[in-house]
Amino acid sequence: MPDLMPVLARADQNLPSSLDQLFELLRIKSISTDPAYKGDCRKAAVWLVDYLKTLGFDASVRDTPGHPMIVAHHDGASASAPHVLFYGHYDVQPVDPIELWDNDPFEPSVQEAAGRKILTGRGTADDKGQLMTFVEACRAYKEIHGSLPVRVTILFEGEEESGSPSLKPFLEANAAELKADYALVCDTSMWDRDTPAIAAALRGLVGEEIVVTAADRDLHSGLFGGAAANPIHILTKILAGLHDDTGRITLDGFYDGVEETPENIKASWETLGLTTEAFLGDVGLSVPSGEKGRSVLELTWARPTAEVNGIWGGYTGEGFKTVIAAKASAKVSFRLVGTQDPAAIRDSFRAYVRSLMPADCTVEFHPHGGSPAIHLSYDSPVLTKAKTALSDEWPKPAVVIGMGGSIPIVGDFQKMLGMESLLVGFGLADDRIHSPNEKYELTSYHKGIRSWIRIMEALAA
């Protein structure tokens, strides 16, 4: 393999000009959700394509019904080199409320904060700064060796912050061109400033809205109370029965496909030092919920959930109205892990609800999305190589973590392109993404570039 040290040294030398390039991109107001910035979104896409071309990529702007996609290709050092698809997004969130920003959100700068240097501006952490770490890693490698250690395809989209409506049709239409050995996604975070992280698991999601109907109108609770069915009572009994006294979910077959987290992985999570008190204390709580006997990291990263996200019915206005409501509604979501089947979970939930419905009452169901969990094997060679590469760059060894939420693109890559994704990001919890005064640590940017150099070399080995 080519010598790695000169490439890392070139990345260090390039840092001032790398920041110049990033700042040019950050100044473009590519707010995807606001039609007023449609031209700026295209401007950002064109800027990235032009820059990728200077690095030797075969890059192009691809039009969609919404904002453009960017697709770029670069050969590896050999035809047999692994092929990676790197994904990022160039669009950003709106800046409102603008009066809460300390500086112009589209005039980036390097500033001092708590003794550290930070990059300020909308998109620094989400996701322009992140995607440019990979682009600048490619630049440094090319400048030293004239080629890249792996074959690279880049996919940058411009609608991630507005729901990615064009993404699935684009993946379908271009599946043959975009398919690679695996995807690299840089839209995640480190564990802390010194500890890089690889997200190996993302929970899936099933959403259901249920509407229970009893009488054909709201009833006077004095005239009908005690005799007429109350849909709020029915609904709350249903929701309360979703968990037993130990916190386990009671739906038939719910835990099919749920595997226990390996003991060595749980032990590594324990070394991160996150206590229940610290985790819940930040939000004003102290008593853990969920399955008893499990840590907060296991509960949020590796276990399935059933949560009531909203419930309503009857009179909720000012004052008091003594009625028995005709209808009661709730929104319920399930986070999935392992190989849980979203369709089977939905069917089981509906069967459970119907089993508790009185004969003279009815229930309606309204689905709100369903996606499986994503999991990269903890002993995957790709994960192992990336973990070693990151550990060589940062002060502390890399950790393999889970993520409680979902990143839809990762599921799309798996389902539509048959690719696993390696999720490595350099954001921090206090980067204020989607909020005023978004920032990105200069160390995250600099060492992020160096990290991708190491990861590409490791994947090629």
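The values are calculated or read from the model by the stated rules, or taken from the named source; none is laboratory data. The model shown is predicted, which means the values in this text are computed figures rather than measured ones. Backbone-built Cβ (ideal geometry, glycine too); neighbour counts: all protein chains shown.
What are the residues in the range 25-40 that are surrounded by fewer than 18 Cβ atoms within 10 Å (Cβ to Cβ), assigned to a helix (DSSP H, G or I) and within 26 Å of the chain's Cα centre (by Cα), if any?
Pro35, Lys38
Among the residues of the range 306-324, count how many are touching a residue at least 60 places away in the same chain (Cβ under 8 Å) and under 20 Å from Gly257 (Cα atoms).
Adding up the residues that qualify gives 1.
Checking the structure you have, find out if any residue of the range 127-145 is of a type in the set (Ser, Thr, Tyr), more than 27 Å from Gly411 (Cβ to Cβ), modelled with pLDDT of 95 or more and in contact with a Leu (Cβ under 6 Å, 6 or more places away or on another chain).
Yes; the residues of the range 127-145 include at least one that is of a type in the set (Ser, Thr, Tyr), more than 27 Å from Gly411 (Cβ to Cβ), modelled with pLDDT of 95 or more and in contact with a Leu (Cβ under 6 Å, 6 or more places away or on another chain).
Examine the range 217-236 for a residue that is touching a residue at least 40 places away in the same chain (Cβ under 8 Å), in a strand (DSSP E or B), of a type in the set (S, T, N, Q) and more than 23 Å from Lys128 (Cβ to Cβ), and state whether such a residue exists.
Step one: filter the range 217-236 for residues touching a residue at least 40 places away in the same chain (Cβ under 8 Å), giving 217-222, 224-225, 228-232, 234-236.
Among the residues that remain, those that are also in a strand (DSSP E or B) are: 219-220.
Within this subset, residues satisfying the condition of being of a type in the set (S, T, N, Q) are none.
Scanning the range 217-236, I find no residue that is touching a residue at least 40 places away in the same chain (Cβ under 8 Å), in a strand (DSSP E or B), of a type in the set (S, T, N, Q) and more than 23 Å from Lys128 (Cβ to Cβ), so the answer is no.
Going through Val332, Val337 one at a time, which residue ends up being buried (at least 19 other Cβ atoms within 10 Å of the Cβ), within 18 Å of Thr236 (Cβ to Cβ), within 37 Å of the chain's Cα centre (by Cα) and among the aliphatic types (A, V, I, L, M)? Explain how you work it out, then say what you get.
Details: Val337 fails: within 18 Å of Thr236 (Cβ to Cβ).
Answer to the check: Val332.
Only one residue in Ala201, Ala240 is closer than 30 Å to Arg303 by Cβ, touching a His at 6+ places or on another chain (Cβ under 6 Å) and either among the aliphatic types (A, V, I, L, M) or surrounded by 14 or more Cβ atoms within 10 Å (Cβ to Cβ) (or both). Which one?
Details: Ala240 fails: touching a His at 6+ places or on another chain (Cβ under 6 Å).
The conditions single out Ala201.
Would you call Leu299 under 18 Å from the mean Cα position of the chain (by Cα), within 13 Å of Gly402 (Cα to Cα) and free of Cβ contacts under 8 Å to residues at least 60 places away in the same chain? Steps first, please.
Working: under 18 Å from the mean Cα position of the chain (by Cα): yes; within 13 Å of Gly402 (Cα to Cα): yes; free of Cβ contacts under 8 Å to residues at least 60 places away in the same chain: yes.
Considered against the rule, which asks whether it is under 18 Å from the mean Cα position of the chain (by Cα), within 13 Å of Gly402 (Cα to Cα) and free of Cβ contacts under 8 Å to residues at least 60 places away in the same chain, Leu299 comes out as yes.
Of all the residues that make up the range 127-164, how many are small (Gly, Ala, Ser), in contact (Cβ under 8 Å) with a residue 12 or more places away in the chain and over 22 Å from Lys38 (Cβ atoms)?
The number of residues fulfilling the criteria is 4.
Specify which of the listed residues (Gly319, Gly370) is surrounded by fewer than 19 Cβ atoms within 10 Å (Cβ to Cβ) and either under 25 Å from Ala429 (Cα atoms) or under 22 Å from the mean Cα position of the chain (by Cα) (or both). Before you say what the answer is, go through the steps one by one.
Numbers: Gly319 fails: either under 25 Å from Ala429 (Cα atoms) or under 22 Å from the mean Cα position of the chain (by Cα) (or both).
Answer to the check: Gly370.
Please return the ranges of strands (runs of 3 or more DSSP E) entirely within the range 41-121 where 1 or more residues are among the acidic types (Asp, Glu) and either assigned by TED's automatic domain parsing to the domain that holds Pro436 or buried (at least 22 other Cβ atoms within 10 Å of the Cβ) (or both).
58-62, 109-113
Could you grab me the full set of residues in the range 250-288 that are surrounded by fewer than 12 Cβ atoms within 10 Å (Cβ to Cβ), over 24 Å from the mean Cα position of the chain (by Cα) and of a type in the set (A, V, I, L, M)?
Correct list: Ala267, Val287.
Answer with yes or no whether Gly247 is surrounded by 12 or more Cβ atoms within 10 Å (Cβ to Cβ), part of a loop (DSSP other than H, G, I, E, B) and small (Gly, Ala, Ser).
yes
Pick from Leu428, Leu417: which is hydrophobic (A, V, I, L, M, F, W, C) and closer than 25 Å to Ile453 by Cβ?
Residue meeting the stated conditions: Leu428.
Here is a list: Leu242, Leu184, Leu272. Which entry is assigned by TED's automatic domain parsing to the domain that holds Gln340 and touching a residue at least 12 places away in the same chain (Cβ under 8 Å)?
From the options Leu242, Leu184, Leu272, the qualifying one is Leu242.
Could we say that Thr188 is modelled with pLDDT under 95, within 30 Å of Trp269 (Cα to Cα) and β-branched (Val, Ile, Thr) here? Before the answer, list the steps.
Working: modelled with pLDDT under 95: yes; within 30 Å of Trp269 (Cα to Cα): yes; β-branched (Val, Ile, Thr): yes.
So Thr188 passes the test.
Can you find, within the range 139-172, the residue that is surrounded by the most Cβ atoms within 10 Å (Cβ to Cβ) among those that are under 17 Å from Leu52 (Cα atoms) and of a type in the set (Gly, Ala, Ser)?
Within the range 139-172, the match that is surrounded by the most Cβ atoms within 10 Å (Cβ to Cβ) is Gly158.
Residues to consider are Thr213, Thr124; find the one that is more than 30 Å from Ala429 (Cβ to Cβ), touching a residue at least 40 places away in the same chain (Cβ under 8 Å) and out of contact with any His (no Cβ under 7 Å at 6 or more places or on another chain).
Within the list Thr213, Thr124, the selection yields Thr213.
Does the range 151-167 contain at least one residue that is closer than 20 Å to Lys447 by Cβ, modelled with pLDDT of 95 or more, of a type in the set (Ser, Thr, Tyr) and in a loop (DSSP other than H, G, I, E, B)?
no
Inspect the range 258-268 for any residue being part of a loop (DSSP other than H, G, I, E, B), farther than 22 Å from Ala351 by Cβ and either touching a Lys or Arg at 6+ places or on another chain (Cβ under 7 Å) or among the aliphatic types (A, V, I, L, M) (or both) and give the result as yes or no.
Within the range 258-268, none of the residues are part of a loop (DSSP other than H, G, I, E, B), farther than 22 Å from Ala351 by Cβ and either touching a Lys or Arg at 6+ places or on another chain (Cβ under 7 Å) or among the aliphatic types (A, V, I, L, M) (or both).
Does Lys387 fit the bill of being among the basic types (Lys, Arg), in contact (Cβ under 8 Å) with a residue 40 or more places away in the chain, surrounded by 17 or more Cβ atoms within 10 Å (Cβ to Cβ) and in the same structural domain as Leu251 (by TED's automatic domain parsing)?
Criteria not met by Lys387.
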